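Chemist: Got a structure for you, questions after.
The values are calculated or read from the model by the stated rules, or taken from the named source; none is laboratory data. This structure is a prediction, so every number in the text was calculated from the model and none was measured. Backbone-built Cβ (ideal geometry, glycine too); neighbour counts: all protein chains shown.
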């Protein structure tokens, strides 16, 4: 009965979304406050209905209700509780329900923000958000109903894909979806402003925190997905340029450009047309990622195998929203007034250059991802575009962008002094060069570009911190006074510094992978495998049986230059229900680097295929991403980013005039 109630709640949410789309939009056209006030009420009601539906599906998973087809195909009674919960969104139908839930959640938050958003803008935004919700509710109800019954109900389910039975997959999709769907609010604000033909600095101030929040969550989602692939797939890499990985990177790049563009718009009331276009394109790229994952056009560990009907439906959603929004933009953009002017050498000019690099880098990833698909459709020829293409096209655009970051961050607004700014970074330049030279000397004979990458990362970290130093300290200033000034700087400044420093840490981690070493051999008990200064000695292989899988556990002793560091376990698992094997890598953290052991097949004579890696400073890749997201979170706590339109002041009644 609860399952049917969940299905009914989705249908009710569809009806309420239609009201949320029509009535507030009508009220905004008629300038009727009563009609516009319907938007927040229905927005909260839609969120309530979808939350109930999601709860109903979750209960079906937790209780192993195998009368529901979705539960049968993706769960098992012996599966641990955490994977029953993550199994709710570990499949196409459930993940789409999570997508819609987050979409409704953002609409509800906009509905609650009535004191910080002008009513007309709020009404139009909620109407646009409702239109997106309607499209995806129709999609899930027509083609991807998660509440479909199966009669007669089987006694047992088919279990969840073993690759998804991992704590990382309990965290990764929600974070990623909050990022993807969060950009729908920026999109909705942009379309709402185009409908009214009014975009100004107040609009940019309202949009910026929504964009910042979505960007921070998308950063976390991408980082979590990268680390999951690193330790779960057993190949030891952190990025493969998989098309579905690229589908998450593209909105991140566009969202980063949008975030910087809103800063210029808020400060100088400039770049209006470009900012609105970026808001449209960022969410469009999020929709494109949804299409790539669920259309069946890609074969990837990340993608869902679905039928063409679903792909066609999502393609229709893409055409409607992307085509419709770009058509509205083409109609309205010429009517937008130009904003303030600024010199080319200024912080605004640096941010514009930043946007050009990011947009071009995003375009190269888009071309590399879609070209094989287009070629196959047009000619039937199948090709793959991998790391060599992206390394030769993406990196030459990103390196100049990274070199620009500290310079642009130090330039003055409106009109800057390039030579004066460079002088303020002399110490940063010098220390970064010393770091590169030291790494080149320490790792002599290694890849020549790696020390330069380390130097670039140090330059980014120190250049970011230099912003705090120059704004709080000058020669002769007591240290206590400088600390007090630094503590009183706006939180958005600290957030920017953290985000840029996080980029530097990630760059250092990426550059250091060039010094990674590996060894490959088939070992018998007591034998060793060497990789650089590290060795793995196979101690024993233990069979083990768990609730829904059995595994062979290889126990290794890890040594560095003959000294024992400890032991680790690496497993080869077989999930019985699906008959699917997986590899669970054994990882030992040494400082900021890791020793990584991956198993091959366990032979009948007890020998084991082993691959041993040493990855220096590899943790900085994900620590940097966490620092970036933390920077976004710190910026969101800045009071200036929590202020939208000023609330109308209440007029006090006039004091009575005393009679003479």
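Chemist: Can you tell which of 185, 171 is surrounded by fewer than 19 Cβ atoms within 10 Å (Cβ to Cβ), over 18 Å from residue 291 (Cβ atoms) and within 26 Å of the chain's Cα centre (by Cα)? Spell out how you get there, then give the answer.
Modeler: On the way: 185 fails: surrounded by fewer than 19 Cβ atoms within 10 Å (Cβ to Cβ).
Just one listed residue meets the conditions, 171.
Chemist: Also, quick follow-up: Filter segment 427-484 for residues that are touching a residue at least 60 places away in the same chain (Cβ under 8 Å), over 15 Å from residue 406 (Cβ atoms) and surrounded by fewer than 19 Cβ atoms within 10 Å (Cβ to Cβ) and give the result.
Modeler: Scanning segment 427-484 gives 443, 446, 447, 449.
Chemist: Where residues in segment 485-519 are free of Cβ contacts under 8 Å to residues at least 24 places away in the same chain and not in a helix (DSSP H, G or I), which of them is nearest to residue 451 (Cα to Cα)? I'd like the intermediate steps shown before the answer.
Modeler: As a first pass, look at segment 485-519 and keep what is free of Cβ contacts under 8 Å to residues at least 24 places away in the same chain: 485-489.
After this cut, where a residue has to be not in a helix (DSSP H, G or I) as well, the list is 488-489.
Values: 488: 36, 489: 34 Å.
My answer is 489.
Chemist: Can you report the number of residues in segment 64-88 which are more than 14 Å from residue 3 (Cα to Cα), in contact with a helix residue (DSSP H, G or I) (Cβ under 6 Å, 6 or more places away or on another chain) and in a loop (DSSP other than H, G, I, E, B)?
Modeler: Within segment 64-88, residues that are more than 14 Å from residue 3 (Cα to Cα), in contact with a helix residue (DSSP H, G or I) (Cβ under 6 Å, 6 or more places away or on another chain) and in a loop (DSSP other than H, G, I, E, B) number 2.
Chemist: Looking at segment 242-264 only, could you name the residues that are over 15 Å from residue 210 (Cα atoms) and in a helix (DSSP H, G or I)? Can you show your working first?
Modeler: Kept after step one, since they are over 15 Å from residue 210 (Cα atoms), are these residues of segment 242-264: 242-250, 253, 264.
Within segment 242-264, 243, 244, 245, 246, 247, 248, 249, 250, 253, 264 meet the criteria.
Chemist: Going by the conditions given, is residue 51 modelled with pLDDT of 95 or more, assigned to a helix (DSSP H, G or I), within 18 Å of residue 145 (Cα to Cα) and under 27 Å from the mean Cα position of the chain (by Cα)? Spell out how you get there, then give the answer.
Modeler: Details: modelled with pLDDT of 95 or more: yes; assigned to a helix (DSSP H, G or I): yes; within 18 Å of residue 145 (Cα to Cα): yes; under 27 Å from the mean Cα position of the chain (by Cα): yes.
When the stated conditions are applied, residue 51 passes them.
Chemist: Please go through segment 132-168 and pick out each residue that is under 16 Å from residue 64 (Cβ atoms), part of a loop (DSSP other than H, G, I, E, B) and more than 27 Å from the chain's Cα centre (by Cα).
Modeler: Answer for segment 132-168, where residues must be under 16 Å from residue 64 (Cβ atoms), part of a loop (DSSP other than H, G, I, E, B) and more than 27 Å from the chain's Cα centre (by Cα): 147, 150, 152, 153, 154, 155, 156, 157, 158, 159.
Chemist: While we're looking at this one, here's another question. Filter segment 514-532 down to residues that are within 36 Å of the chain's Cα centre (by Cα) and surrounded by fewer than 20 Cβ atoms within 10 Å (Cβ to Cβ), then give me how many there are. Step through it out loud before you land on a result.
Modeler: At the first step, the residues of segment 514-532 found to be within 36 Å of the chain's Cα centre (by Cα) are 514-520, 531-532.
Then keep just the ones that are surrounded by fewer than 20 Cβ atoms within 10 Å (Cβ to Cβ); that gives 514, 516-520, 532.
Matching residues across segment 514-532 total 7.
Every residue, every condition in (1) over 20 Å from residue 531 (Cβ atoms); (2) surrounded by fewer than 18 Cβ atoms within 10 Å (Cβ to Cβ); (3) at pLDDT below 90, yes or no:
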position	(1), (2), (3)
577	yes, yes, yes
586	no, no, no
591	no, yes, no
614	no, no, no
638	yes, yes, yes
642	yes, yes, yes
648	yes, yes, yes
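Chemist: If you don't mind, another one. Among the residues of segment 103-115, is any touching a strand residue (DSSP E or B) at 6+ places or on another chain (Cβ under 7 Å), touching a residue at least 24 places away in the same chain (Cβ under 8 Å) and buried (at least 18 other Cβ atoms within 10 Å of the Cβ)?
Modeler: Taking segment 103-115 as the starting set, the residues that turn out to be touching a strand residue (DSSP E or B) at 6+ places or on another chain (Cβ under 7 Å) are none.
No: segment 103-115 contains no residue that is touching a strand residue (DSSP E or B) at 6+ places or on another chain (Cβ under 7 Å), touching a residue at least 24 places away in the same chain (Cβ under 8 Å) and buried (at least 18 other Cβ atoms within 10 Å of the Cβ).
Chemist: If you don't mind, another one. Name the one entry in 336, 288, 271, 292 that is at positive phi and at pLDDT below 90.
Modeler: 271 is the lone residue from the list that is at positive phi and at pLDDT below 90.
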